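The values are calculated or read from the model by the stated rules, or taken from the named source; none is laboratory data. Computed from a predicted model, the values in this text were never measured in an experiment. Quick reminder, even Gly has a Cβ in these numbers, built from the backbone with ideal geometry, and neighbours come from all protein chains shown. Note: areas computed on protein heavy atoms with side chains; ligands, DNA, RNA excluded. Shrake-Rupley method; radii C 1.70, N 1.55, O 1.52, S 1.80 Å.
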Amino acid sequence: AEVRLSRRRWAVVLLFSSYSLCNAFQWIQYGSINNVFVRFYSVSAFAIDWLSMSYMLTYIPLLFPVAWLLDKRGLRIIALAGSALNALGAWVKLGSLKPHLFAVTVLGQVICALAQVFILGMPSHIASVWFSSREVSTACSIAVFGNQLGIAVGFLVPPVLVPNVEDVEKLAYHISIMFFMTAGVATALFILVIIVFKEKPPHPPSRAQALIQSRPTEEYSYVRSILRLLRNANFLLLMVTYGLNTGCFYALSTLLNRMVIHHYPGEEVNAGRIGLTIVLSGMAGALISGIWLDRTKTYKQTTLVVYIMSLVGMIAYTFTLSLGHLWVVFVTAGVLGFFMTGYLPLGFEFAAELTYPESEGISSGLLNVAAQIFGIAFTISQGQIMDRFGTKAGNLFLCYFLLLGSVMTAFIKADLRRQQANLDNEQT
């Protein structure tokens, strides 16, 4: 098949990045003002934490049905389902503006969690289907970039839109503004997906993608593909290490408001800004990582260095949080975010290399399942440790698992199959 790039590719990846942003914002919008929603709905902090953890819990059983749907029906159906559920969940939340309607906000959040299943594993798949071998890692970083920007906005905007006021009616009014804005944006993005998002470009963008598209359909078996992935020792190691790193990030994001308020009472807005700093610096890390991979193809070395630096950043954050100087916390949180969040697209792209020619949707999905499982375990465990032994003990708990992940990453062999396929075809 003729290899040619489509100009639509940038519109597709930016649109995906945008509705991924909106979905990620809805994930963290409760956690970033945890104490405000605890008072409004008269529930425990743990109940509000579960609004974030519902994203993690929902993903685990639904990954395989959605990955199967991706392989059978393609990218456009997945994009439509993800953006539609995201908008529906946002509108349902508007029915929860009374203190006794906590169950309705849970329902809205669960629908948004369903949308996330159609979003989270897509970056590497979109990058492979639409972009050349020289752009694929950068495109994957841009796709992940949207999700991280959504988390950043989720840390920044809710503390500003929903101030911690005593009057419940005023509080409900401020919450309604946030929910209305979210629903409007989500609906507009869904309409754009209907208009702009296409299944695939007219021509394959790379030799590796041309090979996949030329393969007869009957040769491909979804179940065999999963079994081959689960027999790939390097991929299994990456799956565990990715789960450990991303699970730590999920726990840190969910519990950040509680940590900062514990040491700096009344600083809800700055707690959101610290979360924003973590994610914005991580977005810079993700973009730099993607460009670096496209230039050097040093997947193993880059992944290992970024993992070790995530551990260093976590240790620095742990021991500076309680010093009483917010500016120091901003600095160490920024360093932590640069590497920990910058690791996310690295994991997706390294998995795509290790598992070619298997579907990127399945490999990314399995990475995300590991992340959700560890995310739930770490969030619950760290929350309990913080309640009993303080925030430092809770953060040291995460440091231990980042150390374990760094050691395991060193044992992954750099078997870059996708690069080899492109090289072989160019030589032929």
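A few comments on the model shown:
Conditions (1) open to solvent by 10 Å² or more (accessible area, probe 1.4 Å); (2) outside any helix (DSSP H, G or I); (3) touching a residue at least 24 places away in the same chain (Cβ under 8 Å), marked per residue:
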residue: 290; (1), (2), (3): no, no, yes
residue: 308; (1), (2), (3): yes, no, yes
residue: 323; (1), (2), (3): yes, yes, no
residue: 338; (1), (2), (3): yes, no, yes
residue: 357; (1), (2), (3): yes, yes, yes
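- Against the test of being closer than 23 Å to residue 95 by Cβ, in a loop (DSSP other than H, G, I, E, B) and open to solvent by less than 50 Å² (accessible area, probe 1.4 Å), the options 157, 165 yield a single qualifying residue, 165.
- Subset of the range 310-321 (residues that are among the hydrophobic types (A, V, I, L, M, F, W, C) and part of a helix (DSSP H, G or I)): 311, 312, 314, 315, 316, 319
- Residues within the range 169-187 that are among the hydrophobic types (A, V, I, L, M, F, W, C), out of contact with any helix residue (DSSP H, G or I) (no Cβ under 7 Å at 6 or more places or on another chain) and open to solvent by 50 Å² or more (accessible area, probe 1.4 Å), tallied: 2
- Here residue 165 meets each of (1) touching a residue at least 12 places away in the same chain (Cβ under 8 Å); (2) in contact with a His (Cβ under 9 Å, 6 or more places away or on another chain) with one exception, condition (1).
- Within the range 292-306, considering residues that are within 12 Å of residue 137 (Cα to Cα) and assigned to a helix (DSSP H, G or I), the one most open to solvent (accessible area, probe 1.4 Å): 295
- Here is the figure for the range 269-303: residues that are farther than 11 Å from residue 155 by Cβ and either touching a His at 6+ places or on another chain (Cβ under 8 Å) or not hydroxyl-bearing (Ser, Thr, Tyr) (or both) total 16.
- Taking the range 59-94 as the range and being open to solvent by less than 40 Å² (accessible area, probe 1.4 Å) and either farther than 19 Å from residue 21 by Cβ or acidic (Asp, Glu) (or both) as the test, the residues that pass are 63, 66, 67, 70, 74, 92, 94.
- Scope the range 81-97; condition within 20 Å of the chain's Cα centre (by Cα) and among the small types (Gly, Ala, Ser); matching residues: 81, 82, 83, 84, 87, 89, 90
- Residue within the range 113-130 that is open to solvent by less than 40 Å² (accessible area, probe 1.4 Å) and over 23 Å from residue 246 (Cβ atoms) present: yes
- Test: residue 381 is open to solvent by 10 Å² or more (accessible area, probe 1.4 Å), assigned to a helix (DSSP H, G or I), in the same structural domain as residue 244 (by the TED database) and closer than 15 Å to residue 259 by Cα: yes
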